[in-house]
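Scroll down for the structure; my scribbles are underneath it.
The values are calculated or read from the model by the stated rules, or taken from the named source; none is laboratory data. Quick caveat, the model's predicted, so the values are computed rather than measured. Note that each Cβ is placed from the backbone with ideal geometry, even for glycine, and that neighbours are counted across all protein chains shown.
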Amino acid sequence: MKQEKASILLIYTGGTIGMIENPETGILEAFNFKSLLENVPELKKLGYSVSTIQFNPPMDSSEMGPDCWAKLVRIIADNYNVYDGFVILHGTDTMAFTASALSFMLENLDKPVILTGSQLPIGMLRTDGKENLITAIEIAAAKENGIPMVPEVCIFFENHLMRGNRTTKINADYFNAFRSFNYPALARAGIYIKYDTNLVYRPVSRKPLKPHYLFDRNIVILKLFPGISSEVVQSILSIPGLKGVVMETFGSGNAPTYPWFLDMLKEAVTRGIVIVNVTQCTAGSVEMQRYETGHKLLEIGVVSGFDSTTESAVAKLMFLFGHGLSPEEVKEHMHCSLIGEVTIPDSWRS
């Protein structure tokens, strides 16, 4: 599946993968990706044309947000017709948020955009960075009959290629930092890279890339816990300008049925705030019709997030409100899978 002479644009935003030890001081510092082939000579054996763009200065992923997402989309849009695929090197902490956002921002995408990074700097002997980088580039260049294998925004990490808006960081210490619990891996890298082509999202019709740049930051995450007070909930729902809430509930979408809690949520919904119910569990889906506690949320107008990750739900709300949609329109779109980010049960389609 390797495409000779394939051209890949490598975008380094920052993060652990881009660090290398200064031989004079012993301090880890970001290296110049213009000299990438010198630092990762293995890339020469791939036979691809790899160009690089580097954020200046490189950014820690904890500082990434809508402005940086827009910068990435602009780089991809400006170079879209020049390259066969794109690889984004990114810090791991917020990589799932960035991947989710880019999946909505790059409408009609028909080329691979692969995010990767590492848990250890690329300059360290035991780094996972080189393997992640080399394989991500190989995936971004992979074609079959001239068609890209994975025309999606994906995350590649520790031998797994995952849909970006389905992925969550699960580990801060080990190389298996990411997992996609509610959607299978699109490919696995071993001796060979094995793609599950039936799982890959492909555009229904081929249209020109339509980049989007608008986001509304008036979104908040409300994580429920036993004993949460009315003061806490009220303070969050009373944030000036608030438009959307991603509410992390228990199990399959359950929450307390205290009258004060339900009244506060109902009042917020009446004011036009969109409240999306996602589960705190690492895997599984919200089913608000399953238990009485969840059904009460449905009755007052809370929206099901189905099996969405928190990262994807946040990015989706910011994206939809950023494009001027009304609360009712946002609710309708939250009940749709725009780019493969959720699985909609058949009962909701009828």
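The table below lists the values:
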| item | result |
| --- | --- |
| Given (1) in contact with a helix residue (DSSP H, G or I) (Cβ under 9 Å, 6 or more places away or on another chain); (2) in a helix (DSSP H, G or I); (3) surrounded by fewer than 23 Cβ atoms within 10 Å (Cβ to Cβ), number of the condition residue 132 does not satisfy | (3) |
| Number of positions in the range 5-17 that are at pLDDT below 80 and either touching a helix residue (DSSP H, G or I) at 6+ places or on another chain (Cβ under 7 Å) or assigned to a loop (DSSP other than H, G, I, E, B) (or both) | 2 |
| Within the range 159-184, tally of residues that are among the small types (Gly, Ala, Ser) and in contact with a His (Cβ under 9 Å, 6 or more places away or on another chain) | 1 |
| Selection count, the range 54-100, where residues are closer than 25 Å to residue 172 by Cβ and among the hydrophobic types (A, V, I, L, M, F, W, C) | 13 |
| Selected residue [under 29 Å from residue 153 (Cα atoms) and surrounded by fewer than 16 Cβ atoms within 10 Å (Cβ to Cβ)] from 292, 328 | 328 |
| Which listed residue is of a type in the set (A, V, I, L, M) and touching a Ser or Thr at 6+ places or on another chain (Cβ under 9 Å), from 105, 95 | 95 |
| Tally of residues being surrounded by 19 or more Cβ atoms within 10 Å (Cβ to Cβ) and in a loop (DSSP other than H, G, I, E, B) across the range 152-173 | 3 |
| Number of the condition not met by residue 76 [criteria: (1) within 30 Å of residue 336 (Cβ to Cβ); (2) surrounded by fewer than 18 Cβ atoms within 10 Å (Cβ to Cβ)] | (2) |
| Cross-chain or 6+ apart pairs with Cβ under 9 Å, the range 169-193 first and at positive phi, then of a type in the set (Lys, Arg) and at pLDDT 80 or above | none |
| Residue, farthest from residue 246 (Cα to Cα), within the range 327-346, restricted to residues that are out of contact with any helix residue (DSSP H, G or I) (no Cβ under 9 Å at 6 or more places or on another chain) and in contact (Cβ under 8 Å) with a residue 24 or more places away in the chain | 345 |
| Members of the range 295-324 found to be in a loop (DSSP other than H, G, I, E, B) and either in contact with a Cys (Cβ under 9 Å, 6 or more places away or on another chain) or buried (at least 19 other Cβ atoms within 10 Å of the Cβ) (or both), listed by number | 302, 305, 306, 307, 308, 309 |
| Exclusive hit being within 19 Å of residue 310 (Cβ to Cβ) and touching a helix residue (DSSP H, G or I) at 6+ places or on another chain (Cβ under 7 Å), set 221, 236 | 221 |
| Scan of the range 249-267 for residues that are surrounded by fewer than 23 Cβ atoms within 10 Å (Cβ to Cβ) and β-branched (Val, Ile, Thr), ordered by number | 257 |
| Residue 246 being surrounded by 21 or more Cβ atoms within 10 Å (Cβ to Cβ), aliphatic (A, V, I, L, M) and in a loop (DSSP other than H, G, I, E, B) | no |
| Residue that is nearest to residue 169 (Cα to Cα), among those in the range 268-289 that are in contact with a helix residue (DSSP H, G or I) (Cβ under 8 Å, 6 or more places away or on another chain), among the β-branched types (Val, Ile, Thr) and buried (at least 21 other Cβ atoms within 10 Å of the Cβ) | 278 |
